[in-house]
Every structure is written in structure tokens, then in C-alpha cells.
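Engineer: Sending over a structure as C-alpha cells; questions will come in a sec.
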Amino acid sequence: MGELSLNGEVRRINGVLPMVIKAQRCGVKEIYIPAPNAAEGAVVRGITVYPVRNVGQLLSHLTGGEKITPVSESDFKSYSLPDNLPDFSDVKGQHEAKRALEVAAAGGHNVMMIGPPGSGKSMLAKRIPSILPDMTFEESLETTNIYSVAGVLPKGISLIKARPFRSPHHTVSPAGLSGGGTVPRPGEISLAHNGVLFLDELPEFSRTSMEVLRQPIEDGKITIARVAATFSYPCSVMLVCAMNPCRCGWYGHPSGRCTCTEQSIRRYLGRLSGPLLDRIDICVDVPALEYEELASSEGTGEPSSAIRARVNAARAKQTARFGPNGPVCNAQMGPQHLRKYCRLDEDCQKLIQGAYERLGLTARSYDRVLRVARTIADLDGARDIALSHLAEALQYRPPAYLRR
């Protein structure tokens, strides 16, 4: 398979990887693909892949002439972080935000950062890839599949081993986020599969674009219906959002710098729907730093490598707990897993009962609190959820001014 040019050249095509996988599953033993797609097809085991440059070469091979050397299977090696990746040690202060992002990375939870301009929200988000857990071979194959279909697989890359980090601008269209077009292609949410989708200045996105996210975040896949066919793309992502507390960004700051009226604040925050906020597991304030914190000449903060080691250890506990056919992380736990692994003692039940009524939790947000508490317990090395784990998870619920 390939694209044949008028001069006999076999050109590269999109979607070779899923085609080769399907051929192998159907019992095909040999397959001929364009040479530029060779590295992409070589990751599939159990099928011989021949890279073809032109029709003449293929004809010679099939008629007993010069044989095409098959591509050897690519060995999967774990991804090593590049030296130039932004590190958490660069971030001064913001210990609460760093802790929240560590919990989010350990359990695959959706997170929202709220703070004034220049407080470091984008800086923190861009450092999340440095603490994400290692990708498994299956995750790498799934992500590479999507990039192959979309035609954006980097040249010479056979497998994507780094978790994706996608950051679309707030002017992106709903189709750009979800996918679509005359010939449907994966959108930003699918290109972030097994990685991070970062939405900066969340209220600036159109209401339609934000609402597009609701079903895919919950289901881990998105379906695009067209007259000719229906397409489904996976989109199991860690959603990371950042926003100002008001349009000017200084609502609630002790300096009183906010110039927004109460009506404009309500209108600005009203762009976020309750159902969308209900799907956020962790909400954390990122306050403006004081001069003393910025000017401090003390040593740097904790490096990403130390945080990543704890995240990998917590994910290893989750993998052992759920088994090969279970959820990948705590954020994907279903009702049966919550009943089995998130049991609460009497003190914890009293705490969450009071919070349920006081914070106006829904059934969905109740489950999300339990998932976050389970992740905090995993980071703590605890077998059961303790009162301190549950209390921290409850602190991460959206603040009252967002829920009004």
C-alpha cells in the first residue's frame, strides 16, 4: 500500500501504522509499504515489512531479481527526558500548586489553576511533561496510531515515546478541538491522547468549544458522525486549564487592584458551566508572588526528577492494583473500583458527608474526590484512604466564587 506517482515512485501515506496492525491481526504475513513509512511500520510485531521506493524495485523483488531487505522490528526502549526540558526547579514558591500538579500527574487527574497574570500558571503547565510517568508500549502504540492517521508523525520517528503536550490557542474552533473536516481527522483532544491537553485562559475559549470537551473527558473517546461514515478516536487525556479569577485578573487580591464590576465578574466566570467544572478533579490557586520570594537567592526548588520518581512509584502501585485489563490510572476508575479500593472508615465518612452538603457536591464530583484521595494515599504509600488524604482531596474542589 502506498501512493503511486506518475514516475513510478511509491510515496508515503498517512495511517500506515493502523493499517499494518490490522493486516497483522487478519493473518497477513508480509506487507509492502513506502520506504518513508518504514520506521512507522516496523513497530508491529509478527509481520514482515518491506520498504518500497518505486514500482521497478517491487517488480524486481517479485520476479526473482534483487530482493528488498525487510525492515527489522524496532525495539521499544523507555523514553529518556531531553536535557532542555523545562524543570520544576525553575519555579520559585508556589508549593501548593506544585503539590497539586504532582497529585494530578500521579493519578491522571484533570486540574485547573486560578491566579492573576504573571503568577506562573503557564510556567507550571509547561513543566508538567517533566514529571509525567513513563509511557508503556501499548500507550506509545496508541498515540503513534493517532499521529499516523492525522499525518503529523514526525519524520523518522517510529514510535512516540514522550507523552504529548498540546496547547491550542483560545481561538481554536470546536472542530479543531474535537476533530472533523470533510475527511475527518483527529483534533487536539485526540492528539493529546495519553498526555496533556493544556487550555490557557479557559474562559476566553468559545462556549461551544468548552462544551465539546464534556463528553470526551468523561468517556475517553470522541465520535465524529458524517453522512458517509462515523469515526471514533481515543482521547484519554489529562486536562490542564489555567484562568484568571476575573477579566482584569486581580479579583480577590489584597492590593485591591481589581477594576472589574461585580456584574462583569459574574459574566466572566459564567462562561464556565457547572457540568464542565464538575469534571475538574483538582482546582488550585496560584497567587502572585511577593517581591521577597522572587528576589530570594536561596537554592532552587525540588527538581522534576525527584517529583517524577514519586509519580512513577504511585503509577506502579496503580498498575499492580488494577492489573493488565483494568484502568491505567486512578482517574479512570469505575464504580466497581471505587467500591473496592476507595472504602472509607467512619471518620472519613463523617467528613465527606459534611462536605457533600456544605460544598454542594454532585454524584460525579463525589466520585472524583474519592479518586483524588486514592491517588494521595498512593503517593503516601498507604494501603487505605486516611482522613488526611480525604481532607486534602476536598481542598482541591473549585472555590465558592466559581460555583455561584
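The values are calculated or read from the model by the stated rules, or taken from the named source; none is laboratory data. None of these values were measured; they are calculated from a predicted model. Every residue, glycine as well, gets a Cβ built from its backbone with ideal geometry; the counts of neighbours run over all protein chains shown. Accessible surface is based on the protein model in full, side chains and every heavy atom, while ligands, DNA and RNA are left aside. Shrake-Rupley method; radii C 1.70, N 1.55, O 1.52, S 1.80 Å.
Engineer: Have a look at GLU201, GLU211 and point out the one that is modelled with pLDDT of 90 or more, of a type in the set (D, E, K, R) and surrounded by 14 or more Cβ atoms within 10 Å (Cβ to Cβ).
Structural biologist: None of the other options fit; the residue is GLU201.
Engineer: Still on this structure, please answer the following. Restrict the check to the stretch 200-220 and report whether at least one residue is touching a helix residue (DSSP H, G or I) at 6+ places or on another chain (Cβ under 7 Å), closer than 24 Å to ARG127 by Cα, in a strand (DSSP E or B) and not aliphatic (A, V, I, L, M).
Structural biologist: No, the stretch 200-220 contains no residue that is touching a helix residue (DSSP H, G or I) at 6+ places or on another chain (Cβ under 7 Å), closer than 24 Å to ARG127 by Cα, in a strand (DSSP E or B) and not aliphatic (A, V, I, L, M).
Engineer: Any idea how many residues of the stretch 3-47 are surrounded by 13 or more Cβ atoms within 10 Å (Cβ to Cβ) and on the phi < 0 side of the Ramachandran plot?
Structural biologist: 30
Engineer: How many residues are closer than 19 Å to LEU153 by Cα and in contact (Cβ under 8 Å) with a residue 12 or more places away in the chain when one looks only at the stretch 181-202?
Structural biologist: Number satisfying all stated conditions: 14.
For (1) of a type outside the set (Val, Ile, Thr); (2) closer than 16 Å to PRO303 by Cα; (3) outside any helix (DSSP H, G or I); (4) at pLDDT below 90, each residue gets a yes or a no:
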site: PRO51; (1), (2), (3), (4): yes, no, yes, no
site: GLN57; (1), (2), (3), (4): yes, no, no, no
site: HIS61; (1), (2), (3), (4): yes, no, no, no
site: ILE68; (1), (2), (3), (4): no, no, yes, no
site: GLU73; (1), (2), (3), (4): yes, no, yes, yes
site: ASN84; (1), (2), (3), (4): yes, yes, yes, yes
site: SER89; (1), (2), (3), (4): yes, yes, no, yes
site: GLU102; (1), (2), (3), (4): yes, yes, no, no
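Engineer: Of the residues ILE131, ILE146, ILE160, ILE222, which single one is under 30 Å from ALA363 (Cα atoms) and either in contact (Cβ under 8 Å) with a residue 24 or more places away in the chain or crowded, with 20+ Cβ neighbours inside 10 Å (or both)?
Structural biologist: Every option except ILE222 fails the conditions.
Engineer: Does PRO70 fit the bill of being open to solvent by 50 Å² or more (accessible area, probe 1.4 Å) and under 31 Å from the mean Cα position of the chain (by Cα)?
Structural biologist: Spelling it out, it is not the case that PRO70 is open to solvent by 50 Å² or more (accessible area, probe 1.4 Å) and under 31 Å from the mean Cα position of the chain (by Cα).
Engineer: Taking the criterion of being polar (S, T, N, Q) and in contact with an Asp or Glu (Cβ under 7 Å, 6 or more places away or on another chain), would at least one residue in the stretch 306-319 satisfy it?
Structural biologist: Checking the stretch 306-319: at least one residue is polar (S, T, N, Q) and in contact with an Asp or Glu (Cβ under 7 Å, 6 or more places away or on another chain).
Engineer: Here's a follow-up. Among what's in the stretch 376-404 and is buried (at least 16 other Cβ atoms within 10 Å of the Cβ) and in contact with a His (Cβ under 7 Å, 6 or more places away or on another chain), pick the residue that is farthest from ARG214 (Cα to Cα).
Structural biologist: ALA377
Engineer: Out of the stretch 282-324, which residues are in contact with a strand residue (DSSP E or B) (Cβ under 7 Å, 6 or more places away or on another chain) and in a loop (DSSP other than H, G, I, E, B)?
Structural biologist: Within the stretch 282-324, just VAL286 meets the criteria.
Engineer: I'd like the residue in the stretch 337-347 that is over 15 Å from GLN318 (Cα atoms), out of contact with any helix residue (DSSP H, G or I) (no Cβ under 6 Å at 6 or more places or on another chain) and in a helix (DSSP H, G or I) and, out of all such residues, is least open to solvent (accessible area, probe 1.4 Å).
Structural biologist: Taking the candidates together, the pick is GLU346.
Engineer: Let me ask another. What are the residues in the stretch 267-312 that are of a type in the set (A, V, I, L, M), within 22 Å of ASP87 (Cα to Cα) and touching a residue at least 12 places away in the same chain (Cβ under 8 Å), if any?
Structural biologist: ILE282, VAL284, VAL286, ALA288, LEU289, LEU294, ILE307, VAL311
Engineer: Looking only at residues in the stretch 9-43 that are at pLDDT 85 or above and β-branched (Val, Ile, Thr), which one is farthest from HIS61 (Cα to Cα)?
Structural biologist: Filtering the stretch 9-43 for residues that are at pLDDT 85 or above and β-branched (Val, Ile, Thr), the one farthest from HIS61 (Cα to Cα) comes out as ILE21.
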